[in-house]
Amino acid sequence: IFALITGMSPSIMRAVTMFSFIAIGMNVNRKTSIFHSLALSAFLLLLINPKLLFHVGFQLSYTAVIAIVLIQPILYNLIQPRWKVIDYFWKIGTVTIAAQIGVAPLSLFYFHQFPGLFLLGNMLLLPVLPLIIGLSILLLASLWSGIPSYWLVEILNLSLDWIVTIIEKISSQDQFIIKGIHLDLIELIFIYIFMISSALFFYRSVRKSRRERVLIKEPGYNLHIAIISIICFIGFQSFKKLKTVDSKVVVMHQASGSVISISNREEVLLLVDFHAMDSIMSMAALDRIKSSSLHRNKIITIDSLSNKVKFNDTEVVVLDESGVILKSAETPILLLSHSPKIHLDKIITALRPQIIIADGSNYRTYVNRWRLTSEKRNIEFLSTYEEGAINLCHLEVHKQN
């Protein structure tokens, strides 16, 4: 019922299905493993909807819970406060740190940033949440029984306003957000192998005894796997830095805009046309383009996109909504931008392009029509909608991320 009321998001579905398996095990008087419950809940959800596996919320939810189960006992048993109040906040702190450790690699992979004030936010908010849940249940009961409950509504409103204010103040502290960290998929896999292997190695080493906090163990296969994974991670990063990078002229995919990236090992020239966007959208689009794997750790220069771009042996004629066509002595690459209202067959006859590219600023209906015309004239046609970023130097297509 709770899942239905809250919209059945992946994190909620994970929680309710896992709790259901635990509750079933308790009612049949059988001890259940949290790992078995997690695996069964994931299997059931993926059986219903396999696409959940690629949902960011699904991945973050399960990695957070697995990290709490594996890492939180290690952190908590290192220090055991005698005062109950301190012990209560220590538990909240270790749960928060463990969950953040678990989701940090995924956050860097998808969002390229890490919140520095996560511990402060959770320490302020988590103690209040049980109170809000209890008051909400009490409010529902009072409404059902007909007892006046205006005072409960006022308390809940004040509590929720306080939470929103705290979240806004914490999230507005941009100086505490670590940005610009990028991980490749291979690096992400190595990090999680290292984390899981290290956690499994230390999981049985930390004791609750006050005399002996940590039990020294002989190195096992978990420790060996952790060391090998971190070596592979460092080796992969070194390989990325040492590999040669050729100059590239790349048409990027950007909705409502056109971008051509000219880059070498150290520098990038971005030729952009964002005239159809407002200032907020153009800044967001530019930040996304800058964070692309093609432009990381490089000096970036930005200029406007003209109707003709030439770099070494590559020449691009840009045809936008103005319909202005620049003649070319060579056989150009034709880039269609911002849905120009043209007769493409006549343009092909006039320019004789070797390849036609439509970027993300065009309407899809126009792109489909241009594709049919190009096929009739035996001209290669590429669209960034399907291909992603397109390297014009070698006429190769690679994924833009």
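Every number here is computed from the coordinates shown, using simple stated rules; none is lab data. Bear in mind that the values here come from a model prediction, so they are computed numbers and not experimental data. All Cβ positions, glycine included, derive from the backbone under ideal geometry; neighbour counts span all protein chains shown.
Once the Cβ-Cβ distance between Thr301 and Ile189 is put in as r, and R0 is 45 Å, what FRET efficiency do you end up with, to the nearest 0.05? Please list the in-between numbers first.
On the way: r = 34 Å, r/R0 = 0.76.
It comes to 0.85.
Kindly express, to the nearest 10 degrees and within the range 0 to 90, the angle between helix 34-48's C-alpha long axis and the longest C-alpha principal axis of the chain. It works out to around 40 degrees. Relative contact order of the chain: 10 percent, from C-alpha pairs under 8 Å at least 6 residues apart in sequence. Distance between the pseudo-spin-label points of Gln354 and Arg288 (7 Å out from Cα toward the beta carbon): 3.1 nm.
Here the simple spin-label model places points 7 Å from the Cα toward Cβ, and for Lys179 and Ile166 these points are separated by 2.6 nm.
For the range 254-330, the fraction of C-alpha pairs farther apart than 21 angstrom is 33 percent. Judged by the mean number of other Cβ atoms found within 10 Å, the most tightly packed of the peptides 276-288, 59-71 leads the ranking 59-71, 276-288.
Rounded to the nearest whole Å³, what is the per residue volume of the convex hull around the Cα atoms of the chain?
226
Given +1 on the Cβ of Lys and Arg, -1 on the Cβ of Asp and Glu, and no further charges, what dipole in debye does the chain carry about its Cα centre, rounded to the nearest 20? Don't jump to the answer; show the numbers that get you there.
Details: 37 positive and 28 negative charges, 315 e Å.
Charge dipole of the chain: 1520 debye, to the nearest 20.
For the chain, the longest principal axis of the Cα atoms and the long axis of helix 56-78 meet at an angle of about 40 degrees.
What is the packing order of peptides 302-312, 344-354, taking the mean over residues of other C-beta atoms within 10 Å and listing the highest first? Present the calculation step by step, with values, prior to reporting the outcome.
On the way: 302-312: 14.1, 344-354: 15.9.
Descending packing order for the listed peptides: 344-354, 302-312.
Under the rule a/c < 1.5 gives rounded, and otherwise a/b versus b/c splits prolate from oblate, where does the range 69-166 land using the Cα gyration tensor? Taking the square roots of the gyration eigenvalues as a ≥ b ≥ c, the range 69-166 is prolate.
In degrees from 0 to 90, rounded to the nearest 10, what is the angle of the helix 150-171 Cα long axis to the longest principal axis of the chain? Helix 150-171 and the main axis of the chain meet at about 50 degrees.
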